[in-house]
Amino acid sequence: MDYEVVIGLEIHSELKTKSKIFCGCKNEFGGEPNTKCCPICLGMPGVLPKLNKKALEYAIKAGIAMNCKISRFSKMDRKNFFYPDMPKAYQISQYDLPICYDGYVDIEVNGEKKRIGIERIHLEEDAGKLMHDPFGQGSLIDHNRCGVPLIEIVTCPDVRSAEEARILFETIKTILEYTEVSDCQMQEGSLRADVNLSVRPRGQKEFGVRTEMKNLNSLRAVQRAAEAEAKRQIAVIEKGGQVIQETRRWDDNKGESFSMRGKEEAMDYRYFPEPDLVPIVVDDAWLNEIKASIPELPLSRKERYVNELGIPPYDAGLITMNKKLADIFEEAYKVCGNPKLASNWIMTDILRRINEQGDSVLDSLNGAKFGQILLFLEKGEITQASAKQALDTFLETGEEPESIINRLGLKVQRDENLVLAAVKDVIEKNPQAIADFKAGKTKAFGFLMGQTMAALKGKGDPAQVKKILEEQLNAAINE
Amino acid sequence: MSILNKTIKETSELLRARKIGVVELTREYIKKIEKDNENINCYITVCEKEALDAAEKAQKLIDEGEASPLCGIPAGIKDNICTEGIRTTCASKMLENFIPPYSATVVEKLLGQGAVVLGKLNMDEFAMGGSSENSIFGPVRNPWDNTRVAGGSSGGSAAAVSANMACFTLGSDTGGSIRQPASFCGVVGLKPTYGLVSRYGLVAFASSLDQIGPLAKDVTDCAIILNAIAGFDPMDSTSVNKEYEDYTQDLEKGVQGIRIGLPKEFFDIGLDDDVKEAVLNAVRQLEALGGKAYEVGLPSIKHSVPAYYIISSSEASANLARYDGIRYGYRSSKARDISELYRLSRGEGFGREVKRRILLGTYALSSGYHDELYKKALKVRRMIFNDFNNAFENCDVIAAPSYPVASFKIGENIQEPLKMYLGDIYTAGVNLAGLPGLVVPCGRDKNGMPIGIQLIGKAFSEKLLLRVGYALEKAVGTFRPGEGN
Amino acid sequence: MGIDIETIKKIANLAAISFEENELEGFARDFDLIIGYMEQLSKIDTGDIKPMEHVLPVQNVFREDEDTNQNNRDELIKCAPVSENGCYIVPSVVES
Ligand SMILES: [Zn+2]
């Protein structure tokens, strides 16, 4: 039988505020355990939370960027459950009035645009971390992450394949990066996704029984977990069995998921409005202020690159997927004046560097300086090879491109006398090649050309060299 | 007359006139506590050293001409209000050894004024109860009759003032916990408007109802303390940012033309005759002074007890979930896994009444009952709020009993939780509506136990309440145990 | 409605509170009485009255995004009944 996979994502993203959501503790990854804590984020008796305005604004910003409606009246609620890294034994979250709701994001699957609904985005606090105690039998609790502001983005079950799930996750990640509300460091857990998945015979209207896989922290894991879970569920059904509604844990190393049955048994969160915090009212002025702070988003950028700058859609898509890369492109092409040149360099040279060295290479790549190097190339003042060499040096030293080019003497050699001398020298030293050329062997011209460029240490202007070499060869033949 | 009998105002004048020093005064109080606490049991912790240190500092301020009216005045603090470096137990095994590394905003304010904190006062565990019998430190005894309760949950705070074991005290009031013990012990107690006094550092029972307030020997003292503790606190999102008011001003303005509302529902049934007579007599006194009494209606107030217990217990079930034996507080030594750590630490650390409330709240919030109990209670809360608003269209203050009876015998009601709950009928609605309530002694019952009248005002009308209370106090006098009132 | 021992056990489990077996019966009896009384709420006609979460007409109380706290770990962890090297300890929590 042919099955259809139905997927929805719940994405948790930490917000990159300076301080935590309800207290003045530093919001920063890592550090010695429990050193970024105070009585408030440790949930000590008698203390009270106070909402960080920036955290709320970031949540609204993310919501606007995902085309959500923004609740004009909203509130925080308590979600009650016991867990050792949750000090109050309730999480301050949002229940029936999330700050953002009814939005969508557009994703691109095989060149086709597809719209995925965003059910809601709500604001809440993160929990701490449990570690195994290397010296004892227990677990250790580090509360540094307790109270870090978090948004939970809940998508509609509009996703129909594991690949779409990955693309959706990546698209949302890109939006969060563009709006600068999260640094999306997945290896640090600041962005993680839960995959809700069910299968149904194609054509069936009702959804199948769904399972939830929690805390997937890479694009690859989302795709692989979704693929494996779809396969597992189909196998269960084919064998005449029934899928059980449950939470499963994905083991990325083993490539399989395991039931967490029993753990989530009869969860009754007993939500109720947080009496320690007052209602949130968002008026037009505030909303407009936040709207104005949102930069151009990836899809719109991509369309602009394609339609206005003539960049191939594939290239534009790849460049805009990464905000840093897109910003570098934008600056570089403005400086060098040739968008295609800039995008070609990014698609070949820069992507190769990212593959070899990782994303961090972009941190040392200043778009304007990169553009200056491309401008030298564009004006024919340096060659392709020299441009590469200049970029290597720039990434290593951060030196001004012009100074690099001067210091290394990378400028094209255009002095006619020097070129002529080099050409004459080559002709003199290679009588056999001249003879071959006279005999009509065109290959010999390429060899002589190469010899001349080598004599000019690669800095000759190929067109000029070619012209002079042709002249001299013709003269030699006519002799 | 002993220095210990004196009010804040009188004591402050003596200190300023150098008739007595702060250290000497503090020692007098400590001596009194040492002598009587075994009997009254109003103190859980006495901090002699800290008090004497504070006394020395206060003396310096007085010598330098410091003007604060609370400077050098010995005070007691209910043991659910955090005091940095001094254990704060909530009268619970759960927090028996908890020494907070921070102070409540109100404590900071008192210390900032130069007040001398003598110690921490006994109460019902986590402020849950109306008799101060639910305490691991044993019941507080009423200074008027040691076989009777001091009321609760701020029983220690009321008894300490009544027995001259502190010049004034702070209590907390969630459903009547300042007003009822004030009535039982014959002292003045004020539950301020919700949001007037910061809750930061008050160990939460029911966050939307809790307020800290003063218990004092007379209305003037009450106003002096309110001046010190009221006001906006950036640490408490529910504290109101409003202009400073001097609550001691206008006390003597009288009650000419003040409209006093008498809710007919409060004087119907279930009210002890002595209490009824004392309260109505007080109203007649106010009328004699120029006030005008009107009957008003509070049709939904009859539902205030169930609404109060559902809301307060629901909030408490979450507020008390943090006591899990991990970061502070009692931890069971028998736990073999994480689930046992929670269950046993909480099972062994909480007393019976606290467990009852947590279970009631958990039940009311659980799926299936959330709408018909918790949500319904929130709707009833608005009905009661509206009732008060309507009543205040026709009156300026409402006069009411504080409790159906005067103080009862220790052990008399402890086995009957529901009977205890029903006693909150006159006070809990005031918390649900967030209004201020002032209790002023107005008479005694057939057993000689004091009775206080409750004056309820519009939100933030403390000034008027104190003015009416002051007039009444002048008319009926103050009440002290052992004195022939 | 009738609150029995099983119901009490279920709620106690949700609230993470242990009970001695011999405590349960008395507790259930009291609880039954109390819930029976509280259930008068469900019979009240509240019409279209909205639930009242806050009595104060206050909204939008925020703090600015400033990091103001110092590391106070050693003092705070003193409150813990058990700790080790700056960490709080619980019996092993194994991800099953
Ligand atoms: Zn903190």
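Some observations on this one:
- Across the stretch A:13-22, the qualifying residues are those that are open to solvent by 20 Å² or more (accessible area, probe 1.4 Å) and touching a residue at least 40 places away in the same chain (Cβ under 8 Å), and the one among them that is farthest from the ligand (Cβ to nearest atom) is A:K16.
- Within the stretch A:228-255, considering residues that are in contact with a Lys or Arg (Cβ under 7 Å, 6 or more places away or on another chain) and among the polar types (S, T, N, Q), the one surrounded by the most Cβ atoms within 10 Å (Cβ to Cβ): A:T247
- Scanning the stretch A:325-336 for residues being free of Cβ contacts under 8 Å to residues at least 40 places away in the same chain and among the charged types (D, E, K, R) gives a total of 2.
- Yes/no for A:L216 being in contact with a helix residue (DSSP H, G or I) (Cβ under 9 Å, 6 or more places away or on another chain), of a type outside the set (D, E), buried (at least 21 other Cβ atoms within 10 Å of the Cβ) and over 20 Å from A:L297 (Cβ atoms): yes
- Test result for A:V47, in contact with a Pro (Cβ under 7 Å, 6 or more places away or on another chain), away from the ligand (no atom under 16 Å from the Cβ) and open to solvent by less than 20 Å² (accessible area, probe 1.4 Å): no
- Screening A:A127 against (1) assigned to a loop (DSSP other than H, G, I, E, B); (2) more than 31 Å from the chain's Cα centre (by Cα) leaves a single unmet condition, (2).
- The criterion of at least 3 residues that are within 7 Å of chain B (Cβ to nearest Cβ) is met by the following helices (runs of 4 or more DSSP H) wholly inside the stretch C:1-79: C:5-14, C:21-38, C:40-43.
- Any helices (runs of 4 or more DSSP H) falling wholly within the stretch A:286-394 and containing at least 1 residues that are within 18 Å of the chain's Cα centre (by Cα) and of a type in the set (S, T, N, Q): A:298-309, A:313-320, A:339-345, A:351-357
- Candidate set: the stretch A:50-65, residues that are open to solvent by less than 10 Å² (accessible area, probe 1.4 Å) and more than 14 Å from the ligand (Cβ to nearest atom); chosen: the one farthest from the other protein chains (Cβ to nearest Cβ): A:A65
- One residue stands out in the stretch A:429-479 among those that are among the aromatic types (F, W, Y) and modelled with pLDDT of 85 or more: the one that is least open to solvent (accessible area, probe 1.4 Å), namely A:F445.
- Of the strands (runs of 3 or more DSSP E) lying entirely inside the stretch B:113-208, those containing at least 1 residues that are among the aromatic types (F, W, Y) span B:168-173.
- Hits in the stretch A:133-178 - residues which are more than 30 Å from A:E227 (Cβ to Cβ) and away from the ligand (no atom under 16 Å from the Cβ): A:D133, A:P134, A:F135, A:G136, A:Q137, A:G138, A:S139, A:L140
- Annotation note: of B:L359, B:L344, the sole residue that is surrounded by fewer than 23 Cβ atoms within 10 Å (Cβ to Cβ), within 30 Å of B:T88 (Cβ to Cβ) and at the interface with chain C (Cβ under 7 Å from one of its Cβ atoms) is B:L344.
- Every listed requirement among (1) open to solvent by 30 Å² or more (accessible area, probe 1.4 Å); (2) assigned by TED's automatic domain parsing to the domain that holds A:S343 is met by A:A390 save one, (1).
- Taken residue by residue, the stretch C:8-25 has at least one member that is at positive phi, surrounded by 15 or more Cβ atoms within 10 Å (Cβ to Cβ) and not β-branched (V, I, T).
- Selection over the stretch A:279-293 of residues that are in contact with a strand residue (DSSP E or B) (Cβ under 8 Å, 6 or more places away or on another chain) and surrounded by 14 or more Cβ atoms within 10 Å (Cβ to Cβ) gives a count of 4.
- A:M321, sole failed condition from (1) open to solvent by less than 60 Å² (accessible area, probe 1.4 Å); (2) closer than 27 Å to A:F169 by Cα: (1)
Yes/no per residue for (1) more than 15 Å from B:V203 (Cα to Cα); (2) facing chain A (nearest Cβ under 10 Å):
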site: B:I81; (1), (2): no, yes
site: B:T88; (1), (2): no, yes
site: B:M94; (1), (2): no, yes
site: B:Q113; (1), (2): yes, no
site: B:N122; (1), (2): no, no
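- Hey, B:T193 open to solvent by 10 Å² or more (accessible area, probe 1.4 Å) and either among the polar types (S, T, N, Q) or within 12 Å of chain A (Cβ to nearest Cβ) (or both) or not: no
- Hey, B:P69 out of contact with any Leu (no Cβ under 8 Å at 6 or more places or on another chain) and open to solvent by 20 Å² or more (accessible area, probe 1.4 Å) or not: yes
- Flag for B:V468 being more than 17 Å from B:N142 (Cα to Cα), open to solvent by less than 10 Å² (accessible area, probe 1.4 Å) and within 14 Å of chain C (Cβ to nearest Cβ): no
- Boolean, A:E10 is open to solvent by 20 Å² or more (accessible area, probe 1.4 Å), assigned by TED's automatic domain parsing to the domain that holds A:S198 and within 15 Å of the ligand (Cβ to nearest atom): no
- Annotation: A:R270 fulfils all but one of (1) open to solvent by 70 Å² or more (accessible area, probe 1.4 Å); (2) at pLDDT 95 or above; the unmet one is (1).
- Flag for B:E265 being in contact (Cβ under 8 Å) with a residue 12 or more places away in the chain, of a type in the set (D, E, K, R) and open to solvent by 10 Å² or more (accessible area, probe 1.4 Å): yes
- Candidate set: the stretch A:29-44, residues that are more than 12 Å from the ligand (Cβ to nearest atom) and more than 7 Å from every other protein chain (Cβ to nearest Cβ); chosen: the one surrounded by the most Cβ atoms within 10 Å (Cβ to Cβ): A:F29
- The lone exception for B:M420 - which of (1) under 23 Å from the mean Cα position of the chain (by Cα); (2) buried (at least 24 other Cβ atoms within 10 Å of the Cβ); (3) more than 30 Å from B:T220 (Cα to Cα) it fails: (2)
- Test for A:C68: is it in contact (Cβ under 8 Å) with a residue 24 or more places away in the chain, away from the ligand (no atom under 16 Å from the Cβ), over 30 Å from A:S139 (Cα atoms) and open to solvent by less than 10 Å² (accessible area, probe 1.4 Å): no
- Unmet criterion (only one of (1) open to solvent by less than 10 Å² (accessible area, probe 1.4 Å); (2) within 11 Å of chain C (Cβ to nearest Cβ); (3) more than 14 Å from the ligand (Cβ to nearest atom); (4) not aromatic (F, W, Y)) for A:C25: (3)
The values are calculated or read from the model by the stated rules, or taken from the named source; none is laboratory data. All of these numbers come straight from a predicted model, not from anything done at the bench. As a convention, Cβ positions derive from the backbone with ideal geometry for all residues, glycine included, and neighbour counts pool all protein chains shown. These accessible areas exclude ligands, DNA and RNA; they are computed on the full protein's heavy atoms, side chains included. Shrake-Rupley method; radii C 1.70, N 1.55, O 1.52, S 1.80 Å.
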